[in-house]
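**Student:** Pasting a structure below so you can have a look.
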Amino acid sequence: MIRVEVESKVQGSKEILRDVRFQVDQGEVLAILGPSGIGKSTLLRICAGIDRRFQGRVERPERLAMVFQEPVLLPWRSAVDNLTLTVKGLTREAALAALARVGLADRAEAYPRQLSLGQQRRVALARAFRAQPDVLLLDEPFASLDRASAEDMIALTEALIAETRPAILFVTHSEAEAARLATRIIRLSGQPATLDSTSVPPVPPGAPPSPTAMETAP
């Protein structure tokens, strides 16, 4: 579970965020929607504890992982080493299994420069989920991918979420991604950005409603 209360976030002389409050429970997937430049990634860095220069507070567990917009891999290490060196206590065998789970069994010894962007994102995703976090933060993990690669990544993320069920907070500008993955959606708007609304994606035919469902806020 993560609880966020951002009273104000200022960069330079400009206030970026004001009165943004929400909570994400275990098994819940909260999407943050809003136009580019609104402050979504800034909010995610605050949630991660990377940016501490704000007024308010964030209650987060120790076991937290983040997938950035860029894969952020060690360029001088192989894909499997990028897992074993960054996930505490992870054995090589477990790292190889994690890479196999994301379809990279045959690319374990490849270096990041030898991998496509989509493959690098898979390594980053495997690393994050294999850390078994209580909270997982995703910063536009499907951006800059072609449609087929993005669809593969979304389907893989769906499967990993179902298997591990951490509390997940992910930033996107895509309504379709939010509707596909999230159990709840919040929207940021205005200057400074504030919480505009909270809603629940429509339930596909035949699927049970989410236990975390909420009515759309005014």
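Any read-out appearing in this document is the output of simple, stated calculations on the displayed coordinates, not a laboratory observation. Because the structure is predicted, anything quoted here is derived from the model rather than measured. With ideal geometry, Cβ positions are generated from the backbone for all residues, glycine too; neighbour counts draw on all protein chains shown.
**Student:** Along the Cα→Cβ direction, 7 angstrom out, place labels at Gln55 and Gln191. What is the inter-label distance in nm?
**Tutor:** That separation, rounded to one decimal, is 2.0 nm.
**Student:** Within the stretch 57-77, what residues put their amide N at less than 13 Å from the label point 7 Å along the Cα-to-Cβ vector of Glu109?
**Tutor:** No residue passes the distance filter.
**Student:** While we're looking at this one, here's another question. Give a residue-ordered list of calculated ³J(HN,Hα) values for the stretch 167-175 (Karplus: 6.51 cos²θ - 1.76 cosθ + 1.60, θ = phi - 60°; whole Hz; x for Gly, Pro).
**Tutor:** Whole-Hz 3J(HN,Hα) from phi for the stretch 167-175: 6, 10, 10, 10, 9, 7, 10, 9, 4.
**Student:** While we're on this one: Expressed as an acute angle from 0 to 90° and rounded to the nearest 10, what is the orientation of the C-alpha long axis of helix 92-101 relative to the principal long axis of the chain?
**Tutor:** 70
**Student:** Kindly put Asp134, Asp106 in sequence by how many other C-beta atoms sit within 10 Å of each C-beta, fewest to most. It would help to have the intermediate numbers written out before the result.
**Tutor:** Numbers: Asp134 15, Asp106 9.
Least crowded to most crowded, the residues run Asp106, Asp134.
**Student:** For the chain, what does -39500 (n - 2.57) per DSSP helix run (n ≥ 4), summed and divided by total residues, give at 222 nm, in deg cm²/dmol to the nearest 500?
**Tutor:** Values: 6 runs with 64 residues, N = 218.
-9000 deg cm²/dmol, from helical runs alone.
**Student:** Once phi is turned into θ = phi - 60°, what whole-Hz ³J(HN,Hα) does the Karplus curve with 6.51, -1.76 and 1.60 give for every residue of the stretch 112-120, x standing for Gly and Pro?
**Tutor:** Running phi through 6.51 cos²θ - 1.76 cosθ + 1.60 with θ = phi - 60° gives x, 5, 8, 10, 6, 4, x, 5, 4 Hz.
**Student:** Among the lysines, select those whose C-alpha is under 17 Å from the C-alpha of Lys40, and discard any that sit fewer than 8 residues away in the same chain.
**Tutor:** Correct list for Lys40: Lys9, Lys14.
**Student:** With contacts defined as alpha carbon pairs under 8 Å and 6 or more residues apart, what's the relative contact order of the chain in percent?
**Tutor:** Details: 415 pairs, mean separation 62.3, N = 218.
The normalised contact order for the chain reaches 29 percent.
**Student:** Roughly what % antiparallel, to the nearest 5, for the DSSP beta bridges in the chain? Display every interim value, and only then the final one.
**Tutor:** Working: 19 of 37 bridges.
Counting DSSP beta bridges with both partners in the chain, the antiparallel share is about 50 percent.
**Student:** Determine, from the Cβ-Cβ distance of Arg21 and His173 and an R0 of 30 Å, the FRET efficiency 1/(1 + (r/R0)^6), rounded to the nearest 0.05. Working shown, then result.
**Tutor:** Values: r = 22 Å, r/R0 = 0.72.
The calculated FRET efficiency here is 0.85.
**Student:** Could I ask something else about it? Pulled fully out, how much extra length does the chain show between Arg92 and Ser13, if you take 0.36 nm times their separation in residues and subtract their Cα-Cα distance?
**Tutor:** 23.6 nm
**Student:** Relative to the longest principal axis of the chain, what angle (0 to 90°, nearest 10) does the C-alpha long axis of helix 147-164 take?
**Tutor:** The helix 147-164 is inclined about 90 degrees to the chain.
**Student:** Still on this structure: In whole Hz and in residue order, list the ³J(HN,Hα) couplings for the stretch 57-71 that follow from phi through the Karplus curve 6.51 cos²θ - 1.76 cosθ + 1.60, θ = phi - 60°; x for Gly and Pro.
**Tutor:** Per-residue couplings from phi come out as 7, 9, 9, 9, x, 6, 8, 9, 10, 9, 10, 7, 4, 9, x Hz.
**Student:** On to the next question. First check a/c for the chain, with a ≥ b ≥ c the square roots of the eigenvalues of its C-alpha gyration tensor; if it is under 1.5, answer rounded, and if not, answer prolate when a/b is larger than b/c or oblate otherwise.
**Tutor:** Note, shape of the chain comes out prolate.
**Student:** For the stretch 74-132, compute the orientation-averaged projected area of the C-alpha convex hull (one quarter of its surface), in nm². Spell out each step's value before the answer.
**Tutor:** Details: hull surface 13.3 nm².
Taking the Cα atoms of the stretch 74-132, their convex hull projects to 3.3 nm² on average.
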